[in-house]
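Take a look at the structure below.
Every number in this text was worked out from the coordinates using simple rules, so none of it is lab data. Just so you know, these numbers come straight off a predicted model, no measurement behind them. Here the Cβ is made from the backbone with ideal geometry for all residues, glycine too, and neighbour counts use every protein chain on show.
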Amino acid sequence: MADYDVTQSYMQDISLGTSIIAVSFKGGVVLGADSRTSSGSYVANRVQDKITPLADTVYLCRSGSASDTQAIASYVQYWIAEHQAEKNGPVDVSTAANLAMQLSYNNKNMLQAGLIIAGWDKQGGGSVYAIPLGGTLLKVPYTIGGSGSAYITGWCDKYWRDDFTEEEARAFVVKALTHAIARDASSGGCVRTVTITQAGVKRDFIPGTKLAATFGELPTPASS
Amino acid sequence: MLPRPTSHSKALGPGVAGPELAVATSAVQAGPPKASAQQPLSGADSFMVDPHCIADPARQHTQYPYVTGTSVLGIKYKDGVLVACDTLGAYGSTKRYKSVERIKKVNDHVIIAASGELSDFQHIIKLLDELTTDDFRADDGISLGPQEVYAYLCRVMYNRRNKMDPLWNSLIVAGIEPPHAGASAEDVSTSDVTFLGMVGMIGTHYSDSHVTTGFASHLARPLFREAQADDMSEEAAVALMHEALRVCYYRDKQSMNKFQLAKVTKEGVSISEPYALDVQWDFKMFSQPTKWAVGAW
């Protein structure tokens, strides 16, 4: 663990090797993530699944230290299972987000985790919660995270609308991640999306070769 | 009732999830949750991995802020107090979250606003919510006044500072003292009961007719010293506040033109929806600064 000297810098430079995004629409949410786990410059896993289920209708996008976010996800999964058994019903997205925030906030000195929690419940419909470093909990209509998010902030500002349909939201997520992957070396591989509505959960997988080519890149040739 | 695991095996080292933590505890607790100093009843301990190793003095406590809010401004006026700030949550130099509410109502008499780390502010709100809930449950018509909230927060902030684990906020507490039991609000003049105070992250605190945090301390307080008066009208106070907010927006890079204005009067608390201010960039000297000195910068 680095020795942080607070007098030297206002904020440490932290790179979260990922692009993650969640967008709410009327009736649900779409979560998206790239699939690259890097260890320094080495791509440790090129097909990683960064969208983790916390409950049947609540999922978590993980960015930051892989081990930290896996530990947080495990704890929250366990507590939600206990909670749902007592409640005899599905967990609310806000409850799940609060549990993750408590872990993030109370262990803030030891964790490097940027989380996005999104899902559907009867109380709030589709909801998206952002939990950046430090453990702030913010309910938002959509949010982006990870190192790749810096490159698409302007793009998302321009093209996001608050009246997306499910297909439009999903297309927005895929295009945003395509652009993030195009410029962030720490993001890459494939795009995974998870769509959560009252009807259930739909997982989708778009291999990197099927993503649109961006400026300066060539489309992948068909395998011969 | 299964025994609650109290510590990890030290042999495993700090912060390691040992076999004890893997044992499921009963959902039924041995007793009601015990409040510990500066931690909410909702039991921060259970979310702190290995609280006994956290108690280890060798552990590094000092944090630094991640998602931060900038200046908060407060002034007294004839009918009460005004508090204003923008709605930006900055992430270093990135203007990351643009709809953050940094002014919160504590009860009908007190509001609190914060600059600095947002997660610590959310923690402070939780502590105050518990105090307010206790008031409600006492059901005796008595609620916390701004002076009490201010004193409480002074102690919380100073205590955390002594543990080298500060809550990274500068807080503004504003409000009107609730009338004493049996008295009515009309019995006391507003100027006697209006309160405005600032508490910093190391416990430094003061109260005055105008208080600010962050950049506004340098930019806005001189304006307030000139023009603020305890008996100024609401229109004059709002105009002065807008003037100060404009200056803070021009000269603070981590700010945005989207503000909330909160008001506490004897009638109660109101926090406005976010709004933007008209700002001026079209002075001739701005559009052509080197017209008379070509080649200069």
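Computed quantities for the displayed model
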quantity	calculated
Within-11-Å neighbourhood charge of A:Ala73 [Cβ basis; K, R +1; D, E -1]	+1
Cα-based convex hull volume of the protein assembly as shown per residue, rounded to whole Å³	202
Difference of contour (0.36 nm per residue) and Cα-Cα distance, B:Lys163 to B:Lys78	26.5 nm
Theoretical ellipticity at 222 nm over chain A - DSSP helices of four or more residues, -39500 (n - 2.57) apiece, nearest 500	-9500 deg cm²/dmol
Relative contact order computed over chain A (Cα-Cα under 8 Å; 6+ residues apart), in percent	28
Residue-averaged beta-carbon neighbours from other chains (10 angstrom radius) around A:136-142	5
14 Å reach of a label modelled at B:Tyr206, 7 Å along Cα-to-Cβ, counting backbone N of region B:154-170	none
Share of alpha-carbon pairs per 5 Å distance bin for region B:67-271, given as whole %	1, 8, 16, 21, 20, 16, 11, 5, 2, 0, 0
Residue mean of other protein chain beta carbons inside 10 Å, B:95-101	4
Three-way shape label, region A:20-210, alpha-carbon gyration tensor, a/c 1.5	oblate
Least to most buried among B:Met256, B:Met201 (fewest other Cβ within 10 Å first)	B:Met256, B:Met201
Under the Karplus curve 6.51 cos²θ - 1.76 cosθ + 1.60, θ = phi - 60°, whole-Hz ³J(HN,Hα) for region B:86-92, x wherever Gly or Pro sits	8, 10, 9, x, 8, 10, x
With eigenvalues of the C-alpha gyration tensor scaled by 5 and rooted, region B:215-295, Å	31, 15, 12
Spacing of the two label points (7 Å from each Cα toward its C-beta) at B:Val188 and B:Lys95, in nm	4.1
Distance between modelled label sites at A:Ala185 and B:Thr133, nm, 7 Å Cα→Cβ extension	4.9
Cα-projected label distance for B:Arg225 with A:Phe215, points at 7 Å along beta-carbon direction, nm	5.0
Partner chain coverage, peptide B:129-139 - average Cβ within 10 angstrom	0
Order of B:Glu117, B:Glu273 under a 10 Å beta carbon neighbour criterion, fewest first	B:Glu273, B:Glu117
Over 22 Å (Cα to Cα) - which of A:Lys26/A:Lys50; A:Lys108/B:Lys126; A:Lys26/A:Lys158; B:Lys98/B:Lys284; A:Lys26/A:Lys139 fall in this group	A:Lys26/A:Lys50; B:Lys98/B:Lys284
Highest average packing first - A:47-54, A:145-152, Cβ atoms within 10 Å	A:145-152, A:47-54
Neighbour-count ranking [beta-carbon atoms within 10 angstrom, fewest first] of B:Arg251, B:Arg137	B:Arg137, B:Arg251
